[in-house]
Each structure stands twice: as C-alpha cells, then as structure tokens.
Amino acid sequence: MIKCILWYVIINNSNFFVMSQNLKFDNILSRIREQLNLNKIKLWLPPYADTTTVESHTDEGLCALAVKYSSLLNFDKEMCLTALKQLQKHSLDRVKEKEVFKETGLATIKIKVSSRISQILSLQIHLSDMAEKLIQKVSDLLCIPKERIKLVANGKVLNDKLDLFTQGVKNGMNIMAMLLAEKPQELIEHEKRVNAVEGTKEDLALLTSGSSSYLQLEDQSGRRLNLPEAERNALVTAMALHEKGRAALKREDYSLALVNYLEADEKFSTCTSELLKCVDNYALLHLDIAWCYLCLGNVSQIPDAEKRLKECENKFHQSYGTNMERLLAIKGSTGNEAVLFLRLHLLQGIVYYHTNKSVEARELLRRTEDELKCLKVDDASLCALFELGKKED
C-alpha cells in the first residue's frame, strides 16, 4: 500500500515533500468537513461567525471544535484549527459570492492552475460572457499568452466562442486551467500538432465516407460494424484523437493529452449507446482522462473522474469478466488487460481517498500493490529473454 501511495505522490513529477504535506492536510480537511456535516455545524453562523458582517466572530468556538476533533480523529490540534479556519473562510466567501451574484449578476469562478502547486485564482465574470473573456482574464493574471490556456469544466474543454452559461458554468464553480507549451518553440510545435489534428479530421472525413473501403470497423469479436456515415466518421475521428492524446501522454505533455482526450470524448458522445457497447475504446478513454487528472494533480476534477472510472469499470467487467475470467477463457492469459485493471484500481483508490472513504481506499491500494507485484518480471527471466535474442525497445 505504501508503494502505491508513493507512486501516486510522485507521478506528476512535483516536489515530494510539498505534495505529501498537501495530501496530509487535504485528508484533515476532508475528515473535519465530514464531522461538521454529520453534526450539522455551520461555521458561517453564530457562535462561529457574525451574520451582520459575514466575518469570523471569535476563535473560541473554533478552538473548542479543534480540541474536540483533535481527540476524535487523532489529528494535531493546531492542524485541526487551521483546517477549521480554512473551511470557515471558504463558507464565508461562498456567502459573499452568492450575495454579489444576486445583486450584480457577477459570478465568482475559482481557477485551479494545473502546473502550479496550490495556485487558485478567484475571478468575477458574467455568465453571459464568452469563455474567451474568462481565458483573457486568466491570461492577464498569469502574464501568459491566452493561446497557451485551456479551461476545463464539467469534464469538457470550454469553447471560447460560446458563453459560459451555455457550457454549464455556474457561480462558485471550480474550473481547471491547463497551460500548454512553456517556451515559444514549444508553442510553435503545439500549433503544428493542433493543425495536424485538424488535418487528421479532414483525412478521416474522406476515409470514413460511406462509399470508402479504406477503413473497416470491427467490434471486439471481429465482426464488421455497418454504421451510418455520420456515426462512422465520429467514431473513427474519436479513436484518432485518442491516439493523439496517448502520444502526448508518452511525452509527458499531460495538458495537451487531456485536450485531445476531451475532444475525443466529445466525438464519442455523439455515438449511440448501442455502438459504444460493442467497443471498449470509450472505456479506455475514460481511464486515460482520469489518469491525466491525476498527472495534473487537480482534485477539483474528482467528481468527473469518479463518474468516468465507474463507467470504465462496468465496461471492463462486461468485456473481460469481473476477475478477467472471460479474458482468460478467450486468450488464455490476462496480458495487457491486467495493467488496465491495475490503473483502474489505483485511480479508484485515489478517488476514494479524496472523497473520505478511507477503508475502501486502503483496500484498493493494497489490491493495486498485489497486482503490481504479479506484473513484475524477475531479473533471471529478463536475462533469459535477452540471451534468446530479445532486444531492448
């Protein structure tokens, strides 16, 4: 279990100490928030806050709660007090934001910058404004060209030519900001890759036309899929964008990978549910999107990740069997699919951890550690392969 947690902490190449400290404090916040909800304690009301000024009233009430939760949850008292003050500030801010929105129509949006630890921007904007205006505000604050910024809300990349309300953005919402290409040369390369994706879409439009025989689609059993032209085009384009995302992921360009994945998701969503039942590509895409959220270290996307992982799990069980028994019956071995289950269980364990389900998280992380041990190849076997002529890729 410890190895799996360490794996999770270092996977996004951030400073280990900073990340581990953040995880510890996040756990304290989560556990205390749960207790506050269970006890129906409202930190924005007396005796904890002054309703006339919407400000913190006194530390006495919070100190008493800190002592109580320190004993109950076995946390340091000062850490509990810090967590309570942070939760109270968040509650008071939400009260103010609701009042501002009601009086002026200005929505407060929280922007989590993916590549910067703990950096959260708070911006005010009308929901009738185009997403482009919000991107420009982020650009101005970060002193970064707007072309490098992509905003993700509700598991989708915001279209800068559509208004925020139409795209489901609400007052108080948390949005993820992805920064693409830090250097001018990298930005040029990114534009080339974007153009390549657009070119791929155009090429696929030709290849997937109803009269074309260049591309044939099959389900998991090898049966040919006869699809309407529009659905055929959407499916193949989605798969191509998925592959583009995987290529970016291998280069550790997580922001670009996520952009490609979410574009692929948009294409997949236009396909019928019956079609998606025939192929496992959509399940793999859900897994890859959740993996990108992990690599970018953005906990605000946990609700979307949780939903995607559940859909992925259901599809895996349908395709391979709960314990991969169907896969073993067909192939005789679990092969690469065992790695997919490992990734799924690791991500689910992390989601459980951040949603305060400690028992489930511990169980899944231990299971992941066992699965990882089973996938390891001993040195003697590797040497034997090399002696037989196997070359390093």
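Details
- Hits in region 7-42 (condition: touching a helix residue (DSSP H, G or I) at 6+ places or on another chain (Cβ under 8 Å), part of a helix (DSSP H, G or I) and at pLDDT below 75): Trp7, Tyr8, Val9, Ile10, Phe16, Met19, Ser20, Leu23
- Within region 56-72, the set of residues being within 17 Å of Glu34 (Cα to Cα) and either modelled with pLDDT under 90 or surrounded by 19 or more Cβ atoms within 10 Å (Cβ to Cβ) (or both) comprises Leu62, Leu65, Ala66, Tyr69.
- Annotation note: Cβ proximity below 7 Å between a residue of region 333-354 that is under 30 Å from Phe25 (Cα atoms) and in the same structural domain as Cys312 (by TED's automatic domain parsing) and a residue that is at pLDDT 90 or above and among the charged types (D, E, K, R) (sequence gap 6+ or interchain) occurs for Leu344/Glu313; His345/Arg367; Val351/Glu306; Tyr352/Glu360.
- Evaluating Arg366 against the criteria (1) closer than 26 Å to Lys112 by Cα; (2) at pLDDT 80 or above leaves one unmet condition, (1).
Residue by residue, here is whether (1) within 25 Å of Ser30 (Cβ to Cβ); (2) in contact with an Asp or Glu (Cβ under 6 Å, 6 or more places away or on another chain); (3) of a type in the set (A, V, I, L, M, F, W, C); (4) at pLDDT 70 or above holds:
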position: Met324; (1), (2), (3), (4): no, no, yes, no
position: Ala361; (1), (2), (3), (4): yes, no, yes, yes
position: Asp370; (1), (2), (3), (4): no, no, no, yes
position: Asp379; (1), (2), (3), (4): no, no, no, yes
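- Selection status of Thr237, surrounded by 15 or more Cβ atoms within 10 Å (Cβ to Cβ) and at pLDDT below 90: yes
- Contact annotation: residue pairs with Cβ atoms under 6 Å, 6 or more positions apart or on different chains, pairing a residue in region 279-295 that is over 11 Å from Arg308 (Cβ atoms) with a partner that is modelled with pLDDT under 90 and buried (at least 23 other Cβ atoms within 10 Å of the Cβ), are Cys295/Tyr254.
- Selection status of Ile135, not in a loop (DSSP other than H, G, I, E, B) and either not hydroxyl-bearing (Ser, Thr, Tyr) or not assigned by TED's automatic domain parsing to the domain that holds Tyr254 (or both): yes
- Matching option when the condition is of a type in the set (D, E, K, R), in contact (Cβ under 8 Å) with a residue 40 or more places away in the chain and more than 26 Å from Cys292 (Cβ to Cβ), among Glu147, Glu97: Glu97
- Any chance Leu328 is more than 19 Å from Leu262 (Cα to Cα) and either in a helix (DSSP H, G or I) or at pLDDT below 80 (or both): yes
- Selection within region 98-121 - buried (at least 16 other Cβ atoms within 10 Å of the Cβ) and over 21 Å from Ala177 (Cα atoms): Phe101
- Pairs linking a residue in region 360-385 that is of a type outside the set (S, T, N, Q) to a residue that is assigned to a loop (DSSP other than H, G, I, E, B), with Cβ atoms under 7 Å and 6 or more positions apart or on different chains, are Arg362/Met1; Leu365/Met1; Arg366/Met1; Glu369/Met1.
- Pairing residues of region 245-256 that are assigned to a helix (DSSP H, G or I) with residues that are aromatic (Phe, Trp, Tyr), at Cβ distances under 7 Å and at least 6 apart in sequence or on separate chains, gives Gly245/Tyr261.
- Note on region 302-315: residues that are closer than 20 Å to Arg246 by Cα and touching a residue at least 40 places away in the same chain (Cβ under 8 Å) total 4.
The values are calculated or read from the model by the stated rules, or taken from the named source; none is laboratory data. Bear in mind the structure is a predicted one, so any value in this text is a computation, not a measurement. So basically every Cβ, Gly included, is an ideal-geometry build from the backbone, and we count neighbours across all protein chains shown.
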